[in-house]
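Below is one structure, written out as structure tokens, with a few remarks after it.
The values are calculated or read from the model by the stated rules, or taken from the named source; none is laboratory data. All values reported here derive from a predicted model rather than from experimental measurement. Cβ sites come from the backbone with ideal geometry, for glycine too, and all protein chains shown count toward neighbours. Accessible surface is based on the protein model in full, side chains and every heavy atom, while ligands, DNA and RNA are left aside. Shrake-Rupley method; radii C 1.70, N 1.55, O 1.52, S 1.80 Å.
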Amino acid sequence: MGIISVRHRGNFRNTEEFFSKALKADYRSVLELYGQKGVSALRSATPKDSGETAESWGYLVEQKNGRWRITFTNDNIQNGVNIAIILNYGHGTASGAYVAGRNYIDPAIQPIFDKIADDVWKEVIA
């Protein structure tokens, strides 16, 4: 059985500074900003008839167990069905016909997620 030996020269100043900045970061305000941008993108992309679904977008920013999460919501519920979801994925009708979805949610929100990832990466390498 071999012995593992580790030698270190220098200090951990850069690492300590990075973690110190990360602990002080105001994640809530950053995610609130992206939540607003996401809602705007989703409203713009939502197919409009009455406009009710487009105006029903919202978001929640939550922190639990040291993790932050942003959740986009849509409160336009008709007969227990979320209209934003059936517009996106399609649905069957009472007469047996099928209405195809429009796949608007992912293309609208993906640039927001990409921007979050890009900004976080810039912060890590700064």
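Tabulated results
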{"item": "Theoretical FRET efficiency, 1/(1+(r/R0)^6), r = Cβ-Cβ of N65 and R13, R0 30 Å, to 0.05", "result": "0.55"}
{"item": "Charge dipole of the chain about the Cα centre (unit charges at C-beta), most positive-ward option of A84, V120, G10", "result": "G10"}
{"item": "Accessible area in the full protein assembly, largest first, 1.4 Å probe, for T15, T73, T46", "result": "T15, T73, T46"}
{"item": "Vicinal HN-Hα couplings computed from phi for region 85-99 (Karplus, 6.51 cos²θ - 1.76 cosθ + 1.60; Hz; Gly/Pro x)", "result": "5, 6, 5, 6, 9, x, 6, x, 10, 4, 7, x, 7, 10, 9"}
{"item": "For Y59, distant residues with modelled amide H under 5 Å away", "result": "T73"}
{"item": "Most fluctuating residue given options E17, E32, E52, as computed from a GNM of the chain linking Cα atoms under 10 Å", "result": "E17"}
{"item": "Those aspartates and glutamates that a straight Cα-Cα span of less than 13 Å connects to K115, excepting residues fewer than 8 apart in one chain", "result": "E123"}
{"item": "3J(HN,Hα) from dihedral phi, region 100-107, Karplus parametrisation 6.51/-1.76/1.60, rounded to Hz, x for glycine, proline", "result": "5, x, 10, 6, 9, 5, 4, x"}
{"item": "For region 36-53, 3J(HN,Hα) per residue [Karplus equation, 6.51 cos²θ - 1.76 cosθ + 1.60, θ = phi - 60°, Hz, x = Gly/Pro]", "result": "5, 5, x, 4, 4, 5, 5, 4, 5, 8, 5, x, 10, 10, 8, x, 5, 5"}
{"item": "Cα-Cα pairs of the chain separated by more than 23 Å (percent)", "result": "52 percent"}
{"item": "Per-peptide average of other Cβ atoms within 10 Å, ordering 107-117, 60-70 highest first", "result": "107-117, 60-70"}
{"item": "Rounded accessible area per residue of the chain, 1.4 Å, Å²", "result": "77 Å²"}
{"item": "Accessible surface of region 20-123, 1.4 Å probe, proportion on carbon and sulfur as whole %", "result": "53 percent"}
